[in-house]
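Report on the structure given below.
The values are calculated or read from the model by the stated rules, or taken from the named source; none is laboratory data. Computed from a predicted model, the values in this text were never measured in an experiment. Because the Cβ atoms are built from the backbone with ideal geometry, glycine has one as well, and the counts that use them run over all protein chains shown.
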């Protein structure tokens with residue numbers, strides 16, 4: 001068994017499973033005890049609980065208080081991010097959201113996210129939230145959507161130009177990218193495959209170019225989107241990890257008891273490490289050390 005205790009940068013849970021409505025697939029959000037079953041098999045020491053506030057993303061919004069409650073019951077297994085919808089309070093791009101972030105930061109929040117509001121990434125209200133997150137020195141986890149309707153997540157176009165605009169405008173803000181439209185850009189991409197899990201060898205796309213240009217962009221390795229991006233081309237994955245290991249964070253994104261996808265990706269990373277395709281140092285950065293540095297653990 002792997003002796004390096006991992007940190008899951010992307011976790012969700014409900015504090016009250018007995019009241020939780022199921023999602024459209026019939027499965028409800030996992031509770032802490034159900035996550036621990038996964039964590040024990042994956043050798044995960046801690047998870048980062050991410051609230052979800054926007055109604056676009058789930059039939060069960062998970063509040064900041066929900067995550068604080070779980071983390072306070074299991075301080076050895078969880079830390080937490082806070083979340084603020086960019087439309088909060090006045091639905092106005094001039095709203096001072098800083099006092100909310102400061103409130104949750106004083107309570108122990110390590111970052112902000114998962115941002116899932118279905119607004120353009122450079123919408124003035126989103127820009128305003130990014131400004132206040134940067135001012136509060138809180139990293140942000142984003143879920144990118146391909147269109148402004150029928151999806152959840154902040155919206156960007158092919159090539160991620162709106163995300164680039166925000167990276168450039170807020171150079172002190174660390175942004176962790178996540179979702180299919182984010183990871184599809186690891187290789188050549190076009191509109192029809194943006195929200196899928198592209199297959200085949202990777203011919204370098206927009207994402208590595210953005211990573212080279214913007215030091216504040218980071219990679220959330222959770223869910224099938226990140227797993228597919230690396231597992232589709234093992235040789236390219238080794239080169240990608242070698243170049244960007246300092247900015248990659250192991251994650252799971254377990255939302256239901258049926259979510260077994262973290263096991264395959266965990267085995268993939270472990271196998272690359274054992275065969276020397278990625279170094280011990282880079283493996284350790286990805287699964288543990290980067291999160292410790294980012295979150296002050």
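Quick test of your reading of the structure: residue 150 fulfils all but one of (1) touching a helix residue (DSSP H, G or I) at 6+ places or on another chain (Cβ under 7 Å); (2) modelled with pLDDT under 95. Name the failing condition by number. Among (1) touching a helix residue (DSSP H, G or I) at 6+ places or on another chain (Cβ under 7 Å); (2) modelled with pLDDT under 95, the lone unmet condition for residue 150 is (1). Output yes when any residue across segment 286-294 is on the phi > 0 side of the Ramachandran plot and surrounded by fewer than 19 Cβ atoms within 10 Å (Cβ to Cβ), and no when none is. No, segment 286-294 contains no residue that is on the phi > 0 side of the Ramachandran plot and surrounded by fewer than 19 Cβ atoms within 10 Å (Cβ to Cβ).
Does residue 164 count as in contact (Cβ under 8 Å) with a residue 24 or more places away in the chain, under 19 Å from the mean Cα position of the chain (by Cα), crowded, with 24+ Cβ neighbours inside 10 Å and not in a loop (DSSP other than H, G, I, E, B)? Against the criterion (in contact (Cβ under 8 Å) with a residue 24 or more places away in the chain, under 19 Å from the mean Cα position of the chain (by Cα), crowded, with 24+ Cβ neighbours inside 10 Å and not in a loop (DSSP other than H, G, I, E, B)), residue 164 does not qualify.
Scoring residue 92 on the criteria (1) within 18 Å of residue 112 (Cβ to Cβ); (2) assigned to a loop (DSSP other than H, G, I, E, B) leaves a single failure, condition (1).
Of the residues making up segment 267-288, none is within 18 Å of the chain's Cα centre (by Cα) and farther than 21 Å from residue 3 by Cα. Just one of the listed residues (208, 146, 198) is over 21 Å from residue 114 (Cα atoms) and buried (at least 19 other Cβ atoms within 10 Å of the Cβ), namely 198.
Going through (1) within 16 Å of residue 222 (Cβ to Cβ); (2) in contact with a strand residue (DSSP E or B) (Cβ under 9 Å, 6 or more places away or on another chain) one by one, residue 297 falls short only on (1). Here residue 117 qualifies as in contact (Cβ under 8 Å) with a residue 12 or more places away in the chain, in a loop (DSSP other than H, G, I, E, B) and buried (at least 19 other Cβ atoms within 10 Å of the Cβ).
Out of all the residues in segment 13-36, which are farther than 14 Å from residue 63 by Cα, out of contact with any helix residue (DSSP H, G or I) (no Cβ under 6 Å at 6 or more places or on another chain) and in contact (Cβ under 8 Å) with a residue 24 or more places away in the chain? Answer for segment 13-36, where residues must be farther than 14 Å from residue 63 by Cα, out of contact with any helix residue (DSSP H, G or I) (no Cβ under 6 Å at 6 or more places or on another chain) and in contact (Cβ under 8 Å) with a residue 24 or more places away in the chain: 21, 22, 23, 24, 25, 27, 28, 30, 34, 35, 36. In segment 142-159 there is at least one residue matching the filter, namely being free of Cβ contacts under 8 Å to residues at least 24 places away in the same chain and within 26 Å of residue 247 (Cα to Cα). The single residue among 79, 48, 84 that is assigned to a loop (DSSP other than H, G, I, E, B), surrounded by 19 or more Cβ atoms within 10 Å (Cβ to Cβ), touching a strand residue (DSSP E or B) at 6+ places or on another chain (Cβ under 9 Å) and modelled with pLDDT of 95 or more turns out to be 84.
Checking each residue in segment 232-272 for being at pLDDT 95 or above, assigned to a loop (DSSP other than H, G, I, E, B) and more than 16 Å from residue 11 (Cβ to Cβ) picks out 232, 233.
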